[in-house]
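Colleague: Below: one structure in structure tokens.
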Amino acid sequence: MRWVDRLKGMTALSATVIVGLGIAGCGTSTNTSATGFKTGSYSGTTSQGQTISFTVTSTSVEDVLFGWQATCADGQSHSNTMGGWNTPITSAGAFTLDGSVDTGASGQVAGTVKGNTASGTLSRSGPSSFGTDCSDNGVAWTATAP
């Protein structure tokens, strides 16, 4: 018996609920079963207490933005943010990206996403908006998605 035939004997309310439940299952999901990681917005902190955030899709890590803090060539400690980059993500949840900003500095972020948790390291080197070179290498970070 087809499901439509089964609906004939039901009240209008019962039929609406059953059809509605079938349609609700057709949307997109943040299920981790196919990829091993949750899609969505991630946020967290670095080992320096700075912020890191990004969005994970089924194929990429997007809009990576992180804070950094370093003792720079002028001998002073400076902190700022950099990012806005995107990179492909492997089916195993690994990613590595290299980006640059208008000061001429470069940044690197590497990590792995598993379930709703991501972790990795980041680095930053080169000229800063403070007028001095700053390097910040191998900084650990963790982030989660709600």
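Colleague: Can you list the residues, at least 5 places off or on another chain, whose amide H is less than 5 Å from the amide H of Ser60, using H built in the peptide plane?
Modeller: Ile89
Colleague: Then there's this: Can you give me the distance in nm between label points at Ala92 and Glu62, each placed 7 Å from the Cα along the Cα-to-Cβ direction?
Modeller: Between Ala92 and Glu62, the label points sit 2.6 nm apart.
Colleague: Pulled fully out, how much extra length does the chain show between Thr55 and Asp74, if you take 0.36 nm times their separation in residues and subtract their Cα-Cα distance? All intermediate terms of the calculation are to be shown ahead of the outcome.
Modeller: Working: separation 19, 0.36 × 19 = 6.84 nm, distance 3.45 nm.
Gain on extension, Thr55 to Asp74, equals 3.4 nm.
Colleague: So how strong a dipole does the stretch 27-146 carry about its Cα centre when Lys and Arg Cβ are +1 and Asp and Glu Cβ are -1, to the nearest 20 debye? Provide the component values of the computation, followed by the final result.
Modeller: Values: 3 positive and 7 negative charges, 92 e Å.
Dipole size: approximately 440 debye.
Colleague: If amide H atoms are built 1.01 Å from N in the plane of the peptide, which residues on other chains or at least 5 residues away come under 5 Å of the amide H of Asn116?
Modeller: Lys38
Each value in this text was obtained by applying a stated rule to the coordinates, not by laboratory testing. Since the structure is predicted, the reported quantities are computational estimates derived from the model, not experimental observations. No Cβ is skipped: glycine too gets one built from the backbone with ideal geometry, and neighbour counts run over all protein chains shown.
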